[in-house]
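A short write-up of the structure that comes next.
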Amino acid sequence: MENNFDIFKVLVGNEEDIDYKKKPVIIQGITGNFGSTHTRLMKEYGTNIVAGVTPGKGGQEFEGIPIFNTMADAVDFHKVEISGIFVPAPFFLKAAKEAIDSGIKLLVAIPEHVPVRDSLDILEYAKNKGVKMIGPNTPGVIVPDIIKIGIMPALPFSSGSTVVLSRSGTLMYEVSYTLTKSGFGQKICLGIGGDPINGTNLIESFELIRNRNDVDSVVVVGEIGGDAEENLADYIISTDFSLPVVAYVAGRSAPKEKKMGHAGAIVYGTYGSAESKVSNYAKAGVPVAKRPAEVPVLLKEKLKK
Amino acid sequence: MKLLEYQGKELFSKHGIKIPKSFLAHTLEEAIDSSKTIGFPLVIKSQLTVGGRGKAGAIQKCTNESDLTTKFSELLHKEVKGELPKSILLEEMANINKELYLSIFLNRSKRCFSLIASSEGGVDIESVKNKLIIDLPNEGISDTLAIDVADKLNLEDRNKASFIELLLKLSNLYKTEETELAEINPLVILNDGSFVALDAKVIIDDNALFRHPEFKKYETISELEQQAKNYGFSFVELDGNIAIIGNGAGLVMSTLDMVTDSGGSPGSFLDFGGKATTETIYEALKVISQVTKIKSILVNLFGGIVRTDLVARAILNAYEDGTIKAPVFARITGSQSEKARELLANSQAKLYDSVEEAITNAVNASRVI
């Protein structure tokens, strides 16, 4: 596991950087329906989008943002470490490879329905080059009031010292909103993704934030399927993770062997079941909220101790 | 997508993995016809996606034609875990010398494919202690690894070459067909030393289907599910009478849980995805209007960038043209909510600020006879 990747350095920077809190971002698939809508919203939020890539549309502009044909051209022109990928799933493999080859350090992979084989290929490619990928099938990542890369609305988030990690998009908004309303601002909210394969999984996300003194708690929004929550519980125990952690698990009442919207949200036998996750969390001393609105209540109790 | 046994076996066959002589029958006539080619005794196996067929008695041995006639009809009408078969597989009896277990599955936590092999086959693999689990590189199983596995399984020397060949074929299968699971349980060694896949459990990566149009023919989704899919919705029909609609799989699952906790019974799960326009909401309502048992409709929409008046307009449209009749209970965060409330003021739809309120009212409405 690479412990040395500093996601805040990439997303926010250090005070002495000339682009501190204004880190440049490239959007791949900027002219698509999704890409264009959200480029506008990210820009509105304050994200410094310096270039876009759409093959065949090089030389044009979108909202004053120059468009390039290839990532190599775009990165050549602007020194950029972050790329947001908004291309349709069948083009993801090519777009992600191109981004990694051009020297990008952080990939935020938005598309849903990426084949497992493509995710595994990119994951290996990224690891070999020291690149971090968030997603695919993620709403993205937001450092409230500083930078937003993804499709999340601005409304639910406020800056603070709680970290939110989520396997679901809208639940990340929902839970962050209840936290915001209860006075728990967020240091960072990161969408793990709803696929069976995650570029940055829960444990790696914990590694990204574990030694920071500006974080005081972690909220993990999970769902049925796989064993990410079970593994996280083991990790919390075995590494003696000291910050308060509160969890939520969606899908308790879902039928077995049915894919509940997300490719990764499926229970086989007891594998991936909510009971398994809740009982493992219990062993790690992590309380699990019954509904989103209960998350800040449990967090308050945890922080008092 | 989980394939039926015979479909999995078709795939095995395509990749040169031996399967028993078998025929698929939909009617007794077809069954008796193919029994003449296979000969007695033979085995009939209900084609179901659910597991535990053997224990449920959905696999039967038939010794003669009258035996087949009785048991075939029984099996065709035998429900296992709520599922009825559409077809029955007839198969020759194998002269089994030894049973093994072999599978390649997507290992989510290790983020790779893993191989499980055991010299104890035909049983539930989770209960087997003596098994090999090997994480595979993205390239699949190499010759060296295949040899290594054959050694570790303590196979007789005369069987090793065939086993290695089979393992390489299975490796080729999972990579090229993009399966999430390819399981042979049991994999049997016949008296003549050949390896035969007696069962097949295969799950295809749905997201890779665009590269495998040939699997389209295996899709068995209902008309309603197909309709939902065409609109880009995720839709699951459930047993209860409250339709749940929302944006985002996690949010809809979460709503499902809360409805269940409140004593309600969800009748459908519909995630309409990232775009909440008048059209998408209207289409979503159109889909769930076809689920006959629905007594109330719960809309849980976390917008932020959603215009709630557009959602309200869709609900109104659906009432006006008679698409829906059941009351709608909606919780929508987003802009223009005053306008949305005005639009819905004289309709059967109500907007709530909290999801809890919307759920309480939806559950109450679902209890009205």
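Descriptive notes on the structure:
- Bridges between two residues of the protein assembly as shown, per DSSP, are antiparallel at a rate of about 50%.
- Accessible heavy-atom area order of B:PHE105, B:PHE302, highest first, probe of 1.4 Å: B:PHE105, B:PHE302
- Remark: accessible surface ordering of B:LEU170, B:LEU84 (largest first) is B:LEU84, B:LEU170, probe radius 1.4 Å.
- Surface accessible to a 1.4 Å probe, A:LYS187 within the full protein complex, Å²: 50 Å²
- B:ARG158 accessible area, 1.4 Å probe, all protein chains in place, Å² to nearest 10: 140 Å²
- B:ILE324 long-range amide H proximity, modeled H, under 5 Å: B:TYR319
- Over all distinct Cα-Cα pairs of region B:105-239, the Kirkwood formula returns a hydrodynamic radius of 17.0 Å.
- Dimensionless Rg ratio for region B:223-366, taking C-alpha atoms and the 2.2 N^0.38 Å reference: 0.91
- Farthest toward positive dipole pole in region A:155-304 [+1 Lys/Arg, -1 Asp/Glu at C-beta], among A:SER168, A:GLY199, A:LEU179: A:LEU179
- Heavy-atom accessible area for A:LEU93, with the other protein chains in place and a 1.4 Å probe, reaches approximately 40 Å².
- Considering only B:ASN300, B:LEU100, B:ALA117, the residue lying farthest towards the positive end of the dipole of chain B is B:ASN300, judged by Cα position with unit charges set on Cβ.
- Looking at region B:7-96, the GluC sites (Glu not before Pro) that sit in a DSSP loop and have at most 15 other Cβ atoms within 10 Å of their own Cβ are B:GLU79.
- Here the relative contact order of region A:155-304, from alpha carbon pairs under 8 Å that lie six or more residues apart, stands at 25 percent.
- Amide H to amide H, with H built 1.01 Å from N, B:ASN107 comes under 5 Å of B:CYS112, B:PHE113, B:SER114, counting only residues 5 or more places away or on other chains.
- Percent RCO, i.e. relative contact order, over chain A, from Cα pairs under 8 Å lying at least 6 residues apart: 13 percent
- Magnitude of the charge dipole for region B:223-366, about its Cα centre and with charges confined to Cβ atoms of Lys, Arg (+1) and Asp, Glu (-1), is about 240 debye.
- Taking the longest Cα principal axis of chain B as reference, the axis of helix B:5-14 is set at about 60 degrees.
- Candidate cross-link partners of B:LYS9 among the aspartates and glutamates, defined by an alpha-carbon separation under 18 Å and a same-chain spacing of 8 or more, comprise B:GLU91, B:GLU92, B:GLU99, B:GLU165, B:GLU177, B:GLU178, B:GLU180, B:GLU183, B:ASP199, B:ASP205, B:GLU214, B:GLU219.
- Charge dipole of region B:96-211 (Cα centre as origin; +1 on each Lys and Arg Cβ, -1 on each Asp and Glu Cβ, all else neutral): 200 debye, rounded to the nearest 20.
- Residue-count net charge about B:VAL259 - beta-carbon cut-off 14 Å; Lys, Arg +1, Asp, Glu -1: +1
- The mean of 1/r over all pairs of different alpha-carbon atoms in region B:126-190, once inverted, gives a Kirkwood hydrodynamic radius of 12.9 Å.
- Value at 222 nm in deg cm²/dmol, rounded to 500, when DSSP H runs of n ≥ 4 in chain B each add -39,500 (n - 2.57): -11000 deg cm²/dmol
- The angle between the Cα long axis of helix B:355-366 and the main principal axis of chain B comes to about 80°, on a 0 to 90 degree scale.
- In region B:159-273, lysine pairs with alpha-carbon atoms under 17 angstrom apart (chain gap of 8 or more, or interchain): 5
- Which of B:THR280, B:VAL291, B:VAL252, positive extreme of dipole for region B:223-366 (C-beta unit charges): B:THR280
- Computed across chain A, the Kirkwood radius stands at 19.4 Å (inverse of mean 1/r, all Cα pairs).
- For region A:139-151, 3J(HN,Hα) per residue [Karplus equation, 6.51 cos²θ - 1.76 cosθ + 1.60, θ = phi - 60°, Hz, x = Gly/Pro]: x, x, 9, 9, 9, x, 6, 10, 8, 9, 10, x, 10
The values are calculated or read from the model by the stated rules, or taken from the named source; none is laboratory data. Bear in mind the structure is a predicted one, so any value in this text is a computation, not a measurement. Reconstructed Cβ throughout: ideal geometry from the backbone, glycine too, with neighbour counts over all protein chains shown. All accessible areas refer to the heavy atoms of the entire protein, side chains included, with ligands and DNA or RNA removed. Shrake-Rupley method; radii C 1.70, N 1.55, O 1.52, S 1.80 Å.
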